[in-house]
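Undergrad: Provided herewith is a single structure, encoded as structure tokens, for subsequent inquiry.
The values are calculated or read from the model by the stated rules, or taken from the named source; none is laboratory data. This is a predicted model, so every value here is computed, not measured. All Cβ positions, even for glycine, are placed from backbone atoms using ideal geometry, and neighbour counts span all protein chains on display. Side chains are part of the model used for accessible areas, which takes the heavy atoms of the whole protein and leaves out ligands, DNA and RNA. Shrake-Rupley method; radii C 1.70, N 1.55, O 1.52, S 1.80 Å.
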Amino acid sequence: MFHYLGNPNRARVLPGFGITMGYTVLYLSVIVLLPLSALLLKSAGLGWERLWQTISHPRVLASFKLTFGAATIAATINALFGLIVAWTLTRYKFPGKRLMDAMIDLPFAMPTAVSGIALTAVYAPRGWIGQYLEPLGLKVAYTPLGITLALVFIGLPFVVRTLQPALADLDQEIEEAAASLGASRLQTFWRVIVPTILPALLTGFALALARAIGEYGSVIFISSNLPMKTEIASLLIISKLDQYDVAGATAIAAAMLAISFGMLLAINAVQHFVARRAEGGA
Amino acid sequence: MAIEVAHISKSFGAFKALDDVSLKVNDGELVALLGPSGSGKTTLLRIIAGLETPDRHPDAAIRFQNEDVSGRAVGERGVGFVFQHYALFRHMTVFENVAFGLRVRRRATRPSKEEIRDRVERLLALVQLSQFSRRYPSQLSGGQRQRVALARALAVEPQVLLLDEPFGALDAKVRQGLRAWLRRLHDEIHVTSVLVTHDQEEALEVADRVVIMNNAKIEQVGPPDEVFHQAKTEFVMEFLGQVNVFRGRVRLGKATLGELTVDYPPYKDDAERPATVYMRPHEFRIQRHRNGQPNFAAKVARIHSAGALARILLRTNAGEDVLVDLSLEEFGRLRLREGETVYLYPQNARVFVPQLASCAASGEYAI
């Protein structure tokens, strides 16, 4: 449908491929590649055996499980509810819509520590909501549930903001076409709308996931940070550094990098597949 | 299936899109709704489809074969709808698009996989797209996409086919081809069809009957030939084809404009009233000399002869522009030059007096 590259033989109004490309490569190298390779080099200095030993330590494995598990759950919840929020904000007109729309960005803008403290205040056993959940046997603060909640909080804008343009682009005629062909509302939603916005939904999911994996500030306040139970990987890295175990810290970091990279790659692959279908092969 | 629209009105806020419109479409007929944008034609089509609900009115009804379908949702009316911008499902192949209407049916009425495949293949053959069944919409041209949309609408075996400016987004050449093709297709499958268009050529060429709409109302309904040659209102006269408009007066059974006088029997009063006189560009003869017949002088301003007709723009002494179409043969015989003065002999004129019935003063009339 779109040819982003345009006709290669056609003269452009704005020149500057050389300088922009050069800048891109330099920028990516300095900002992204250099620190990452330093990280890898540092952990490689450890030797395979010690590296493996550090990573396979039960406490480290537990923190990985918690970090990636909670992040995945949070991103999934965000994908679902973010879709509903984005849907409401793009489809309908109602008083207070702009205010609500602005609120979406709050988790973005707030310092994460502030979010963490705020969430803890609300969900702690004596907090506003926590005090009513406690008698029900539902502990939120200082548990994996609390961590997931914090990750949901900070991930929401990613899903909503990526979905909004995709939903706004949806042609109402497509829904009318489906309805005129006899599709029920549910069929129209699942067979026509969802596949069309799936690429954007996946992007939002991937962004929320990536953010949740790396989240530190808000989590350490709502988590009790108990080893094996509520200790996230980022915190473990910090505590290793506190003990001057730089090699250990980089080993964990390198492992996280590898896993995150693998997950994003997988999502990208799915996305590519879906987008190809949505845009029609080519 | 015959369609009957009775006393339908529709307002969007303060804007009145349809004002008490009634219309009958016969079984197997292809009717075109023609009008300028904002005339209400698309709204009428969408109300027939059930995509829009008409304003409440005790006599308002949409009947398919004498059965009121007003209460039925679009999916239950048995209509096929073709949208201006195709509205294809872009994540589905051509095949899947066409099969969609069959696949979403409840299990009890859903055809088997093989039946669906057979039917889709038949439809793709009908719209001449068999070899494209595995393509995605984005890999097709506009004309091909609209044919897919048509096949998709036909797949559910609609009782009524509704087309909303189906060729509006295509370029002129493709549009012309598809227009002829649509007419052939209609002759083949005979499904009652309503086509919305703002292209008069399209409406006049394709439809059995043309409904001309303006300002939320129907101006005239009739076969293409009739609406073109026997316009009932000034709007239809001006909207269809090209026409020269003159301001004149009527009195005692005659209409006068400048040096010209035309019979107008319906108005026999002594009191003078303003009138509008219309003359089509092809209803003139041009001569270099005056004879006894009614004529008026005009100066040749511009000649455009690159076409099937020679189109001459002239200016009268009163400064009015007159457009005249001559056959190339006649044009060649006359050898007109820009700047020379000639005499125009109108062969036909139509007079409209506000609030009075129109009357054609035609043929070899006298002054």
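Undergrad: Please list, ordered by residue number, the helices (runs of 4 or more DSSP H) wholly in segment B:70-184 having 3 or more residues that are over 28 Å from the mean Cα position of the chain (by Cα). Spell out how you get there, then give the answer.
TA: Details: elements: B:94-103, B:113-126, B:142-155.
Counting at least 3 such residues, we get B:94-103, B:113-126.
Undergrad: Right, next: Among the listed residues B:L140, B:L124, identify the single one that is away from chain A (no Cβ under 12 Å) and not acidic (D, E).
TA: B:L124 is the lone residue from the list that is away from chain A (no Cβ under 12 Å) and not acidic (D, E).
Undergrad: Ok, one more. Answer with yes or no whether B:E188 is in a helix (DSSP H, G or I) and surrounded by fewer than 20 Cβ atoms within 10 Å (Cβ to Cβ).
TA: Here the answer is yes, as B:E188 does meet what is asked.
Undergrad: Still on this structure, please answer the following. Restricting to segment B:199-216, count the residues that are surrounded by fewer than 17 Cβ atoms within 10 Å (Cβ to Cβ) and touching a residue at least 24 places away in the same chain (Cβ under 8 Å).
TA: 3
Undergrad: From the list B:G258, B:G253, B:G248, which one is on the phi > 0 side of the Ramachandran plot and surrounded by 14 or more Cβ atoms within 10 Å (Cβ to Cβ)?
TA: B:G258
Undergrad: Right, here's the next one. Working carefully through the options B:R90, B:R105, B:R110, B:R134, find the one that is open to solvent by 40 Å² or more (accessible area, probe 1.4 Å), touching an Asp or Glu at 6+ places or on another chain (Cβ under 9 Å), charged (D, E, K, R) and within 13 Å of another protein chain (Cβ to nearest Cβ).
TA: Being open to solvent by 40 Å² or more (accessible area, probe 1.4 Å), touching an Asp or Glu at 6+ places or on another chain (Cβ under 9 Å), charged (D, E, K, R) and within 13 Å of another protein chain (Cβ to nearest Cβ) holds for just one of B:R90, B:R105, B:R110, B:R134, which is B:R90.
Undergrad: Moving on. Anything in segment A:190-213 that is within 21 Å of A:S260 (Cβ to Cβ) and either open to solvent by less than 10 Å² (accessible area, probe 1.4 Å) or more than 14 Å from chain B (Cβ to nearest Cβ) (or both)? List them, or say none.
TA: A:T203, A:G204, A:F205, A:A206, A:L207, A:A208, A:L209, A:A210, A:R211, A:A212, A:I213
Undergrad: If you don't mind, there's one more thing I want to ask. With the requirement that a residue be in a loop (DSSP other than H, G, I, E, B), away from chain B (no Cβ under 14 Å) and out of contact with any Phe, Trp or Tyr (no Cβ under 7 Å at 6 or more places or on another chain), what does segment A:130-177 give you?
TA: A:G137, A:L138, A:K139, A:Y142, A:T143
Undergrad: Next up: Within segment B:93-102, take every residue that is more than 9 Å from every other protein chain (Cβ to nearest Cβ) and not aliphatic (A, V, I, L, M) and give me the one that is least open to solvent (accessible area, probe 1.4 Å).
TA: Per the stated criteria, the residue is B:N97.
Undergrad: Applying the selection to segment A:49-81, what residues are out of contact with any helix residue (DSSP H, G or I) (no Cβ under 9 Å at 6 or more places or on another chain) and of a type in the set (S, T, Y)?
TA: A:S56
Undergrad: Open to solvent by 70 Å² or more (accessible area, probe 1.4 Å) and assigned to a loop (DSSP other than H, G, I, E, B) - does that describe any residue in segment A:114-122?
TA: Scanning segment A:114-122 turns up no residue that is open to solvent by 70 Å² or more (accessible area, probe 1.4 Å) and assigned to a loop (DSSP other than H, G, I, E, B).
Undergrad: So, one more: For A:A247, indicate whether it is out of contact with any Pro (no Cβ under 7 Å at 6 or more places or on another chain) and assigned to a helix (DSSP H, G or I).
TA: Against the criterion (out of contact with any Pro (no Cβ under 7 Å at 6 or more places or on another chain) and assigned to a helix (DSSP H, G or I)), A:A247 qualifies.
Undergrad: Among the residues of segment B:229-245 satisfying the criterion of being touching a helix residue (DSSP H, G or I) at 6+ places or on another chain (Cβ under 8 Å) and farther than 21 Å from B:Y343 by Cβ, which is surrounded by the most Cβ atoms within 10 Å (Cβ to Cβ)?
TA: Among them, the one singled out is B:A231.
Undergrad: Being open to solvent by 30 Å² or more (accessible area, probe 1.4 Å) and among the polar types (S, T, N, Q) is the filter here; which residues of segment B:139-174 pass it?
TA: Of everything in segment B:139-174, those that are open to solvent by 30 Å² or more (accessible area, probe 1.4 Å) and among the polar types (S, T, N, Q) turn out to be B:Q139, B:S141, B:Q144, B:Q159.
Undergrad: With respect to the numbered conditions (1) touching a strand residue (DSSP E or B) at 6+ places or on another chain (Cβ under 6 Å); (2) within 13 Å of chain A (Cβ to nearest Cβ), which one is the sole condition not fulfilled by B:A203?
TA: (2)
Undergrad: So which of A:Y23, A:Y92 ends up being more than 26 Å from the chain's Cα centre (by Cα), in the same structural domain as A:Y142 (by TED's automatic domain parsing) and open to solvent by 100 Å² or more (accessible area, probe 1.4 Å)?
TA: After applying the criteria, what remains is A:Y92.
Undergrad: Which residues, counting only those in segment B:39-58, are touching an Asp or Glu at 6+ places or on another chain (Cβ under 9 Å) and either without any contact (Cβ under 8 Å) to a residue 60 or more places away in the chain or open to solvent by 20 Å² or more (accessible area, probe 1.4 Å) (or both)?
TA: If the condition is that a residue be touching an Asp or Glu at 6+ places or on another chain (Cβ under 9 Å) and either without any contact (Cβ under 8 Å) to a residue 60 or more places away in the chain or open to solvent by 20 Å² or more (accessible area, probe 1.4 Å) (or both), then B:T42, B:T43, B:R46, B:G50, B:L51, B:H57 are the ones that fit.
Undergrad: Of all residues in segment B:59-87, which are crowded, with 24+ Cβ neighbours inside 10 Å and not hydrophobic (A, V, I, L, M, F, W, C)?
TA: If the condition is that a residue be crowded, with 24+ Cβ neighbours inside 10 Å and not hydrophobic (A, V, I, L, M, F, W, C), then B:G80, B:Y86 are the ones that fit.
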